[in-house]
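Before any comments, here is the structure.
Please treat every number below as a calculation from the coordinates, not as lab data. What you see is a predicted model; the values in this text were computed from it and never measured. Counting neighbours? That spans all protein chains shown, and the Cβs are built from the backbone with ideal geometry, glycine included.
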Amino acid sequence: MRFTTALVLSSVIYAAEIVSATNPRATTTGCNANNCLRAVRATAFPTRPGTADCSSYFSTTIEEKTSTEYVGGVPTIVTYYETTIPTAIPAYASACDGPVKYSSACSCIGVTPVTTVIIPTCGPGTLSCNNGPCQDVLSDPSNCGACGNVCPSGTCVNGQCSVPACDGSSCGSLNGCGSDCFCFREAGGMGFCGPNVPCAPLKDCASNSECEQGEVCAISTCCNRPVCLSSCALARRSLFERMVARDTEDGWTGGSPPALAMF
């Protein structure tokens, strides 16, 4: 399954730059020897860790998080970024009278803003669901291909739900499973619902592990060879692509091109 993300890493970097540019903590209008600065400089007192408090106040955190949204019934992973900026000014710095003066005093003692970007470290084939522990989305029927995508069959193969009703179907006697969709079998023997698409661009395979996540090695299509095929729900087939490939000599997974009337 190829997931859609709302933002990319460059967006994180840009967001960090915006935070820095618009945050009053990043600037100072000069170091005035006033009570605010004196309070922040009073680091000799155990109850007044001026430098440490300023460093904490100047620390911005941008954390990458994910959620699952359904677009046209297809689970899509959306990435978003949550920014946390501390706002609490220490009680001993009450003379600063607001964030601008406190930020200026902190800058005067040499503290500068720092932005930290936190990106989850889930490995291949796993996702952090609801910002919790990493989940296996390759074989978990409760999170098949995406967080919360539950397989009615109880079986998830390489991020794709199996369809028991499609077991045993093969070229010459393919069962339909939706508009322009047919029942195929994958290398593990499970049935699944796949699209009727041209065979030519499909990758050869011998096992599911040779296909991309969200695809399976279909062994019962009319391509005369095992091919990597996505589920029918995930197929992105435009009218133009179908019409251009209609007369392909390499055949179609379903045996023949779909009727033009279907478009």
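Shown is the FRET efficiency for ALA165 and THR121, computed with R0 = 51 Å from the Cβ-Cβ distance and rounded to the nearest 0.05: 0.85. Take the Cα of ALA88, step 7 Å toward its Cβ, do the same at SER67, and the gap between the two points is 2.7 nm.
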